[in-house]
1. Dividing the Cα radius of gyration by the Kirkwood radius, what Rg/Rh value follows for segment 25-79?
2. Any idea what % of Cα-Cα pairs in segment 106-217 are farther than 23 Å?
3. Could you provide, to the nearest whole Å², the per residue accessible area of the chain with probe 1.4 Å?
4. Accessible area of segment 1-86 with a 1.4 Å probe: how many percent of it is carbon plus sulfur?
5. Report the percentage of all Cα-Cα pairs in the chain whose separation exceeds 33 Å, rounded to a whole percent.
6. Pairwise over distinct Cα atoms, reciprocal of the mean inverse distance: report the Kirkwood radius of segment 124-163 in Å, one decimal place.
7. Residue by residue through segment 70-85, what is 3J(HN,Hα) from phi via Karplus (6.51 cos²θ - 1.76 cosθ + 1.60, θ = phi - 60°)? Round to whole Hz and write x for glycine and proline.
8. Run the paramagnetic zone check for ASP304: 7 angstrom along Cα to Cβ, then residues of segment 207-232 with backbone nitrogen under 20 Å.
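The values are calculated or read from the model by the stated rules, or taken from the named source; none is laboratory data. Just so it is clear, the structure is predicted and the values come from calculations on it, not from any experiment. Methodologically, a virtual Cβ is constructed for each residue, glycine included, from the backbone with ideal geometry; neighbour enumeration extends over all protein chains shown. Note: areas computed on protein heavy atoms with side chains; ligands, DNA, RNA excluded. Shrake-Rupley method; radii C 1.70, N 1.55, O 1.52, S 1.80 Å.
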Amino acid sequence: MKVIHLNHPHSFDREDFPPLVIALGFFDGVHLGHQKVIKTAMGIAREKAIKSAVITFDPHPLSVLRKQNKVHYITPVDEKIEKIGELGVDYIFVVHFTESFANLHPQEFVDQYLIKLNAKHVVAGFDYSYGHLGKGNMETLPFHSREMFSSTIVEKMSKDKEKVSSTRIRQSLLEGNMEDFLTLAGRFYQSKGKVIHGEKRGRQLGFPTANVAVDQNYIVPSTGVYAVRVYVCGAWYNGVCNIGFKPTFHNHKPENPTIEVHILDFSSTIYDEQIIIEWHKRLRSEKKFEGLEQLVAQIQKDKDAALEYFQS
């Protein structure tokens, strides 16, 4: 797989690439709907005996068009590239989304980012739009193609009579509904982060935890306690994770929640290690306890619940 980052205006021309079947989309989350679009493109590429490609964008258009300072992602761009690559595409083009790029007229977008990249066939979802103010869509694409490529529209994918979408997945994460994420994405949600020094209360309570500074580009799930798996030091471990503000210890709510993982059957010191948290199930909401004895008893129950989950 070849990853090519494009800044607008780019200087590539058709002769720089083999004939391509291109899948278009932002693809945040690379969920089952996105996978359907990409796999459709790959299937057509196999039929035509040519290469497959994906065009996606970074950063999120909302951060440019609506001046939102911080947009959190289901899959930040590096992870998105990784997940798309796992599907087996030949090329990934990552277009740097800027105001000047957003102001391209639909025909200019097609000329510069499809025809000039040697598209022979283009695949996108039924609701995909392109060009200034999204004035181009899959119905206008045949006109803008200048008869240089053909196209396929991928129809809506639904689960439980509702469209599979990044918006729906974001809501699932914000509610801590990891089962819904699994249904919509076909995999468990993952966050990457670095183990940092925390308040070290977990060790004093008999449940040492890794305090994790998750990459700020990720959506952080709802506060609560979760059964998780953790990838650290080259291996996967089961664990129980708390996201929250630790109301038992803090009278005033901190600005940001902390993420602490108690890794089961693990005793190594891992400060400054990069880890992956894989979120499996929300076990309970965060609550304030009257004393340490109640808290310790609940932590043991959480650990037991996580063990039961993974054993089943």
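1. Details: Rg = 13.9 Å, Rh = 12.8 Å.
Rounded to two decimals, Rg/Rh equals 1.09.
2. Details: 3550 of 6216 pairs.
In whole percent, the long-distance tail amounts to 57.
3. Values: 15650 Å² over 312 residues.
Result: 50 Å² of accessible area for each residue.
4. Values: 2000 of 4090 Å².
Whole-percent figure for carbon plus sulfur exposure: 49.
5. Numbers: 16979 of 48516 pairs.
Tail of the P(r) past 33 Å holds 35 percent of the pairs.
6. Working: mean 1/r = 0.0879 Å⁻¹.
Computed over Cα pairs of segment 124-163, the Kirkwood hydrodynamic radius comes out at 11.4 Å.
7. In residue order, the calculated couplings are 9, 9, 8, 10, 5, 10, x, 4, 5, 6, 4, 4, 4, 5, 5, x Hz.
8. What the label zone holds, given the 20 Å backbone N cut-off, is 207-208, 225-228.
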